[in-house]
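Working notes for the structure below.
The values are calculated or read from the model by the stated rules, or taken from the named source; none is laboratory data. Because the structure is predicted, anything quoted here is derived from the model rather than measured. Cβ placement follows ideal geometry from the backbone for every residue including glycine, while neighbour counts extend to all protein chains displayed.
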Ligand SMILES: Cc1cc2nc3c(=O)[nH]c(=O)nc-3n(C[C@H](O)[C@H](O)[C@H](O)COP(=O)(O)OP(=O)(O)OC[C@H]3O[C@@H](n4cnc5c(N)ncnc54)[C@H](O)[C@@H]3O)c2cc1C
């Protein structure tokens with residue numbers, strides 16, 4: 001009997017395990033490892049602080065997310081011995097594997113910023129990237145009657161890089177509905193030199209920040225947080241005062257990656273950008289936020305990568321070389337408030353472009369706000385549990401398509417598909 005081991009049963013790991021259970025023969029075990037009992041629908045954390053979801057709506061028992069025949073090992077991985085092809089745990093026997101997928105996501109690291117978890121933590125300093133943080137922030141927002149709310153991204157990369165902007169757009173709507181918007185100053189302090197990384201999208205998103213009167217502070221590299229005094233400091237000695245701080249802390253890869261010295265300085269795993277094969281663990285592929293790839297850390301990316309990894313695992317099981325099928329495809333709905341959203345679709349080579357998605361007639365609008373996009377974002381919650389995680393096909397291809405996109409003049413001769 002051969003073994004495919006999948007480390008981490010979040011978005012990427014669950015899709016891979018469920019798909020591979022269907023595609024591999026009975027001579028293969030599919031073993032997925034994750035210590036946590038519940039699976040969290042992370043995109044819902046954006047809405048939780050504004051009272052639009054209850055925490056229990058975002059959680060499912062992990063045992064119910066696997067197809068029959070997938071074996072779930074409820075343990076925490078503490079190391080990988082790549083040469084011996086073995087996964088190690090704090091307790092119990094190591095797990096030997098023939099093929100491996102690392103899908104262990106990111107760890108939030110507020111501990112890496114001086115003062116961040118000191119006085120004021122979860123009193124006037126909050127994150128919303130964890131269930132505990134988003135729930136505590138919800139209580140704080142509901143009693144916030146006015147003052148300076150600063151949203152600060154400490155360091156990139158972060159998962160869902162548009163989520164900080166979405167939070168501010170929703171905050172504008174939330175405080176307006178509560179009748180206190182004129183007493184709340186909204187500030188976005190980012191290490192980037194614009195609202196977003198991609199110039200086309202940054203222009204559009206920057207314009208929306210202006211329209212919603214969110215003050216943008218760029219190139220702000222946070223060195224220290226003083227929760228008691230209520231200010232952030234940057235390495236170039238700038239200071240931003242706050243009454244309420246919403247922080248997106250530094251992200252790093254899993255602790256076992258750091259311990260095994262397999263990752264880069266933030267413990268992200270060196271990964272081939274097109275085959276998704278690990279560059280330093282024999283017989284392994286990497287999926288989702290755990291990679292060091294220059295595309296967004298997002299559920300959509302984890303999904304597209306999972307499809308490519310499944311094809312390449314089948315090739316590897318036959319002793320064949322993996323194919324360079326991944327093109328960096330990312331697809332993100334950006335909630336802009338008041339029941340609207342815009343949509344970004346891009347890959348390693350192609351910037352987000354205007355147009356329609358996924359067909360030339362839509363129904364979704366690229367780089368343009370619409371109600372349909374908002375409903376698409378909300379509908380994704382149902383699709384996540386019922387189609388995406390079980391590994392059912394969705395009407396969006398793993399590789400980015402140019403169908404429906406309005407190409408800049410000089411590139412209109414491009415073929416239908418962007419090359420990787
Ligand atoms: C507020 C917010 C909003 C978001 N909105 C969107 C959105 O609208 N669209 C979108 O596409 N994406 C969104 N995302 C991002 C998306 O949720 C992640 O990018 C996606 O879940 C990544 O999948 P993953 O499988 O790589 O990691 P995860 O889903 O995080 O799973 C990692 C798993 O690994 C497990 N693990 C960790 N360490 C170990 C260990 N030592 N041993 C065993 N298991 C371990 C964890 O328990 C976890 O289950 C959002 C994220 C946040 C926080």
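Can you give me the number of residues within segment 346-394 that are more than 30 Å from residue 70 (Cβ to Cβ) and assigned to a helix (DSSP H, G or I)?
Number satisfying all stated conditions: 5.
Only one of these is within 16 Å of the ligand (Cβ to nearest atom) and either outside any strand (DSSP E or B) or touching a strand residue (DSSP E or B) at 6+ places or on another chain (Cβ under 6 Å) (or both): 293, 325. Name it.
Answer to the selection: 293.
If I filter segment 26-46 down to residues being near the ligand (Cβ under 9 Å from one of its atoms) and part of a loop (DSSP other than H, G, I, E, B), which single residue comes out as nearest to residue 168 (Cα to Cα)?
Per the criteria, the residue is 41.
Would you confirm whether or not segment 145-154 contains a residue that is within 14 Å of the ligand (Cβ to nearest atom) and touching a strand residue (DSSP E or B) at 6+ places or on another chain (Cβ under 6 Å)?
So far as segment 145-154 goes, yes, one or more of its residues are within 14 Å of the ligand (Cβ to nearest atom) and touching a strand residue (DSSP E or B) at 6+ places or on another chain (Cβ under 6 Å).
Given (1) in a loop (DSSP other than H, G, I, E, B); (2) more than 11 Å from the ligand (Cβ to nearest atom); (3) outside the structural domain of residue 260 (by TED's automatic domain parsing), where does residue 129 come up short, assuming only one miss?
The number of the failed condition is (2).
If I filter segment 71-78 for residues that are more than 9 Å from the ligand (Cβ to nearest atom) and touching a helix residue (DSSP H, G or I) at 6+ places or on another chain (Cβ under 7 Å), do I get at least one hit?
For segment 71-78, residues more than 9 Å from the ligand (Cβ to nearest atom) and touching a helix residue (DSSP H, G or I) at 6+ places or on another chain (Cβ under 7 Å): present.
So in segment 89-106, with the set limited to residues that are crowded, with 18+ Cβ neighbours inside 10 Å and within 27 Å of the chain's Cα centre (by Cα), which one is farthest from residue 30 (Cα to Cα)?
My answer is 106.
Just to be sure before I move on: is residue 70 in the same structural domain as residue 303 (by TED's automatic domain parsing) and either under 30 Å from residue 213 (Cβ atoms) or surrounded by 15 or more Cβ atoms within 10 Å (Cβ to Cβ) (or both) in the structure I sent?
yes
If the Cβ limit is 7 Å and pairs must be 6+ apart or interchain, which residue in segment 152-176 that is outside the structural domain of residue 214 (by TED's automatic domain parsing) and farther than 18 Å from residue 208 by Cα pairs with which residue that is part of a loop (DSSP other than H, G, I, E, B) and more than 14 Å from the ligand (Cβ to nearest atom)?
none
Does segment 53-67 hold any residues that are surrounded by 15 or more Cβ atoms within 10 Å (Cβ to Cβ) and either over 18 Å from residue 11 (Cβ atoms) or near the ligand (Cβ under 9 Å from one of its atoms) (or both), and which are they?
The answer is 55, 62.
Given the residues 215, 231, which is the only one that is farther than 25 Å from residue 368 by Cβ and surrounded by fewer than 20 Cβ atoms within 10 Å (Cβ to Cβ)?
231
Between 118, 92, which is outside any strand (DSSP E or B) and more than 14 Å from the ligand (Cβ to nearest atom)?
When all the criteria are applied, what remains is 118.
Please enumerate the residues belonging to segment 329-340 that are assigned to a loop (DSSP other than H, G, I, E, B) and within 14 Å of the ligand (Cβ to nearest atom).
329
Filter segment 301-322 down to residues that are without any contact (Cβ under 8 Å) to a residue 40 or more places away in the chain and assigned to a helix (DSSP H, G or I) and give me whichever is surrounded by the most Cβ atoms within 10 Å (Cβ to Cβ).
Per the criteria, the residue is 301.
Determine which member of the set 86, 23 is assigned by TED's automatic domain parsing to the domain that holds residue 313, touching a strand residue (DSSP E or B) at 6+ places or on another chain (Cβ under 7 Å) and away from the ligand (no atom under 13 Å from the Cβ).
Going through 86, 23 in turn, the sole match is 86.
Out of 263, 283, which single residue is modelled with pLDDT under 95, touching a strand residue (DSSP E or B) at 6+ places or on another chain (Cβ under 7 Å) and more than 11 Å from the ligand (Cβ to nearest atom)?
The match here is 283.
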